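So the structure is just underneath, and the comments pick up after that.
What follows draws every value from the coordinates through simple rules; no lab data is involved. Just so it is clear, the structure is predicted and the values come from calculations on it, not from any experiment. Note that we place each Cβ from the backbone using ideal geometry, even for glycine, and neighbour counts take in every protein chain shown.
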Amino acid sequence: MTASPPDALMPTALDQRIKAAVGYGVEVLRRHRDGGLLDAQHAALADAHRELAGAERDVTFHRVRLARLAASELPVDLALFVRFARILDQLATAADVRDAKQAAAAAALEPIEAAAPRHRPPQIAAKDVAALLAIAQGAKLHEHLVTHRLAVATPTRTRISYAQLQHLEEMGLVERDTTHPVHAGQPVTLTDAGRAVLTRPRRGGPPGTTPAPLPPALPTVSRARR
């Protein structure tokens, strides 16, 4: 008998609504919950969705059992009818539990959906998108030995000033590894928010004219900046 997918991969009727409201999928929501990064409201949604996914898994389990029994070559007798009745009863119970969990998850989602339209994603300039694309291929912040000016070096030779790097850091799109001395080169990498900017579809238009929206800010606990 084929094993049911884990709860994290079990689709539910609320998955698309959750993605639209929080700005990312339920798997990412689950990871943020496990990492302790969510506020109380989003954590409650993640917990409710986890329970809903588990209930959906149980429904699928009993439905597969029923289908396998119907496709079997067992004798059509009273014993078969009893087995059908037992599985149907278990399926009905699982569906009732699933419906209750879905209602609870929907109730946890509603206040987040109500607040979502008020948070318009900030815009990011095309030059910053170009900088993020360059940084994604590997970048380091260097200090010139003579002038002591700071600048970011990239394999594509895209010019990224220190001021622009600070701007990207303030937006939470990149971060530096300050354990390395700046004269030797401090690695600069994209954050999850920076990667989301590059993977999010953008409206078409002439190159360099369409600013890309930043992903909605994740409800995270603050971390000390290095």
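A few comments on the model shown:
- Using the alpha carbons alone, the radius of gyration of the range 132-191 stands to its Kirkwood radius in an Rg to Rh ratio of 0.93.
- Proximity of backbone amide H atoms, modeled 1.01 Å from N, is registered between residue 191 and 174, 175 at under 5 Å, excluding neighbours fewer than 5 places apart on the same chain.
- Cα gyration tensor, the range 21-78 - rounded (a/c under 1.5), prolate or oblate: prolate
- Inter-part distance where the range 23-52 and the range 146-200 are each reduced to a Cα centre, Å: 30
- The range 52-148: GluC sites (Glu not before Pro) falling in loop per DSSP and having at most 14 other Cβ within 10 Å: 73
- The range 133-143 - phi-based ³J(HN,Hα) in whole Hz, Karplus 6.51/-1.76/1.60, Gly and Pro as x: 4, 5, 5, 4, 8, x, 8, 9, 8, 10, 10
- Shape category assigned to the range 59-137 from the gyration tensor of Cα positions, a/c cut at 1.5: oblate
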